[in-house]
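What follows is a set of notes on a single structure, which appears directly below.
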Amino acid sequence: MAKMGKKYKASVELFDKRKMYDSEEAVALVCQTAKAKFDETVEIHIRLGVDSRHADQQVRGAVVLPNGTGKTVRTLVFARGDKAAAALAAGADYVGAEEYVQKITSENWFDFDVVIASPDMMGVIGRLGKVLGPKGLMPNPKAGTVTPDVAKAVTEAKAGKIEYRLDKTNIIHCPIGKASFGAEKLMENFNTLVGAVIKAKPAAAKGQYIKSCVIATTMGPGVKVNYAKLG
C-alpha cells in the first residue's frame, strides 16, 4: 500500500472520511485540503444507478460552467470556407481539414483539448475515430462538438464548457474548477454540473439515480457528499 505524505495526512485530518457532508460544506472542506504547490483542479465523481451497457441508459452531455474550469482550452476545428473563417474569428487555435487528419495520424499530434467539426466534415475525420475516440476527443452531436455553428462551439469551449459521460463503471468524472476559485465559485460550478446530470436522467433509469458523489482535489483525499439531497 502506498505511503501517505505529510500534506495528504494533514488534509485527511480536516474531516471525517466516513461522514457524508452537505454539498456546501463538502466544497468548503475540499478547498482546505488543497495543499500542493500548484493550483489543484477540483474534481467531482458521481456514481449513477444506471447501466451504461444499455443504450437507453446512457448519460452524456455538455454544460458551460459559469466560472469556467481555470484551464486554457486549445481548440481544433474541422471546417471549410465561411465556417473556418468564423471559427478563427471566435478564437480557435487550429482550423483546417485533411491536413490536420494527416498531422494527427502521421505525427501523433495532440496539441489540443477539444475537437469541433461542422457536420459536412465528419466524412473527412471519420478515420480518426480510433485515435480520438479512446481519448474522449471525437466530436459528437450530443456534446455540441458537431455543429453548423462552429464559432459558438469554440466560444463555449473557451468559456469553460465541459463534457460529462459515464465510464464503464457508471461513474462520471468531471473537473469543476481550480482550488483557487474559492468555495463560492466552485459551488456555482458544482450546482450547474449536477443539475445537468440530473436533467439528463434516462427514462429507463429505475430506483436511486445518484448512488454516490465525491469531491476531491488533484492531490487530496475525497470528501463524500450527501447524495440523497442532490436529487
Helix 23-33: inclination vs the chain longest Cα principal axis, degrees, rounded to 10, gives 90 degrees
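Report the rotationally averaged projected area of the chain based on its alpha-carbon convex hull, in square nanometres. Mind showing how you got there, number by number?
On the way: hull surface 57.1 nm².
Directional mean of the projected Cα hull area for the chain stands at 14.3 nm².
Find the eigenvalues of the gyration tensor of the Cα atoms of segment 39-105, then list the square roots of 5 times those eigenvalues as equivalent ellipsoid semi-axes, largest first, in whole angstrom. Intermediate results must be reported in sequence, preceding the final value.
On the way: eigenvalues 191, 78, 33 Å².
Sorted largest first and rounded, they come to 31, 20, 13 Å.
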For segment 82-201, one quarter of the surface area of the C-alpha convex hull, expressed in nm², comes to 8.8 nm²
Expected field for F38, accessible surface area in Å² at 1.4 Å probe radius, rounded to 10, holds 110 Å²
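Quick check on my link table: of K168/K224; K83/K158; K17/K142, which ones sit more than 25 Å apart, alpha carbon to alpha carbon? Intermediate values should be presented prior to the final figure.
Working: K168/K224 21 Å; K83/K158 17 Å; K17/K142 36 Å.
Exceeds cut-off: K17/K142.
For segment 153-231, compute Rg over Rh where Rg is the Cα radius of gyration and Rh is the Kirkwood radius from the inverse mean 1/r over Cα pairs.
On the way: Rg = 13.6 Å, Rh = 14.1 Å.
In segment 153-231, Rg relative to Rh is 0.96.
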In whole angstrom, largest first, the equivalent ellipsoid semi-axes that the Cα gyration tensor gives for segment 25-76 are 28, 19, 10
The lysines whose Cα lies under 16 Å from the Cα of K130, excluding any fewer than 8 residues away in the same chain, are K103
The aspartates and glutamates whose Cα lies under 16 Å from the Cα of K201, excluding any fewer than 8 residues away in the same chain, are D51, D56, E163, D167
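The values are calculated or read from the model by the stated rules, or taken from the named source; none is laboratory data. Given the structure is predicted, the values throughout are model-derived calculations rather than measurements. Side chains are part of the model used for accessible areas, which takes the heavy atoms of the whole protein and leaves out ligands, DNA and RNA. Shrake-Rupley method; radii C 1.70, N 1.55, O 1.52, S 1.80 Å.
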